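Notes follow the structure.
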Amino acid sequence: MSMEMMLATYEFQQWLYREAKLLDDIDFDGWFALMHPDIKYSMPVRVNKEGIERPDYATDMFAFHDDHHLLSLRVERLKSDYAWAEIPPSRTRRSVNNVRIEEYVPNDKAVVKSYLLLYRSRSTDIHHDLVSGERTDEFLYVDGEWKLSKRFFVIDQTTINTRNLAIFV
């Protein structure tokens with residue numbers, strides 16, 4: 001691996017760690033500022049297929065398939081008194097790992113893959129949620145910083161064992 005790719009990998013690791021911290025700290029405005037205006041934020045429905053047939057997710061059905069406007073509505077709702085599923089807010093901890101760069105053009109664009117393990121607990125409930133999967137992120141370099149322009153999150157579970165998806169992955 002070249003020095004340029006090592007530095008780029010480190011830069012995107014730090015970007016993803018910062019994003020996770022913003023979300024875990026419930027700083028939705030700080031998180032939303034990382035988004036590109038053309039963001040596409042999707043999680044397809046996972047499906048079971050025979051053998052090793054791929055892809056093993058739906059290509060036309062999504063748990064969420066948001067653009068910049070829908071994400072802004074979700075953020076504003078979570079900050080309001082109308083996000084009943086998140087009153088009180090979930091306590092989350094995101095672990096991001098196995099970060100690797102698939103495509104990279106310095107100061108222009110990048111495609112980065114990573115694994116996410118998200119722990120979530122609710123109020124006094126003794127049960128917790130674990131959500132894991134792989135993210136494929138596309139970034140564009142705008143005004144001296146990387147902005148997330150696309151996130152495609154393939155969850156590991158076929159049946160999502162959580163009460164709601166009022167969280168960001």
**Prompt:** What number of lysine-lysine pairs in the chain show an alpha-carbon separation below 14 angstrom, given a sequence spacing of 8 or more or placement on distinct chains?
**Reply:** 5
**Complete:** The percentage of the accessible area of the chain (probe 1.4 Å, all protein chains present) made up of carbon and sulfur atoms, to the nearest whole number, is 53
**Request:** Rounding to the nearest 20 debye, state how big the charge dipole of the chain is about its Cα centre with +1 on each Lys and Arg Cβ and -1 on each Asp and Glu Cβ.
**Result:** 480
**Candidate residues PHE12, PHE32: accessible-area rank, largest first, probe 1.4 Å** = PHE32, PHE12
**Fill in**
Ignoring trypsin sites (Lys or Arg not before Pro) buried by more than 16 other Cβ within 10 Å or outside DSSP loops, the longest site-free run in the chain is 80-162
**Asked** Any idea what the relative contact order of the range 89-153 is, in percent, if you count C-alpha pairs under 8 Å spaced at least 6 apart?
**Response** 28
**Asked** Which value, in debye to the nearest 20, describes the size of the charge dipole of the range 111-169 about its Cα centre when Lys and Arg Cβ atoms bear +1, Asp and Glu Cβ atoms bear -1, and nothing else is charged?
**Response** 140
**Most positive-pole-ward Cα, VAL75, VAL99, ILE87, against dipole of the range 62-107 from beta carbon charges** = ILE87
**Asked** Which one of LEU23, LEU117, LEU73 has the biggest mean-square fluctuation once the chain is modelled by GNM with Cα springs under 10 Å?
**Response** LEU73
**Message:** Under the rule a/c < 1.5 gives rounded, and otherwise a/b versus b/c splits prolate from oblate, where does the range 1-48 land using the Cα gyration tensor?
**Reply:** oblate
**Fill in**
Env charge @ ILE101, Cβ radius under 14 Å, K,R +1 / D,E -1, value -3
**Asked** Where both residues lie in the range 34-154, what percent of DSSP beta bridges are antiparallel, nearest 5?
**Response** 90
**Prompt:** Can you give the accessible area per residue of the chain, in Å², using a 1.4 Å probe?
**Reply:** 58
**Asked** Which whole-Hz ³J(HN,Hα) couplings does the range 18-23 yield from phi under the Karplus relation 6.51 cos²θ - 1.76 cosθ + 1.60, θ = phi - 60°, glycine and proline marked x?
**Response** 4, 4, 4, 5, 4, 5
**Message:** Averaging over every viewing direction, what projected area does the convex hull of the Cα atoms of the chain cover, in nm²?
**Reply:** 11.0
**Per-residue [θ]222 nm for the chain (sum of -39500 (n - 2.57) over DSSP H runs n ≥ 4, rounded to 500)** = -7000 deg cm²/dmol
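The values are calculated or read from the model by the stated rules, or taken from the named source; none is laboratory data. Note that this is a predicted model, so its numbers are computed, not measured. With ideal geometry, Cβ positions are generated from the backbone for all residues, glycine too; neighbour counts draw on all protein chains shown. Surface areas here come from the heavy atoms of the whole protein model, side chains and all, with no ligands, DNA or RNA. Shrake-Rupley method; radii C 1.70, N 1.55, O 1.52, S 1.80 Å.
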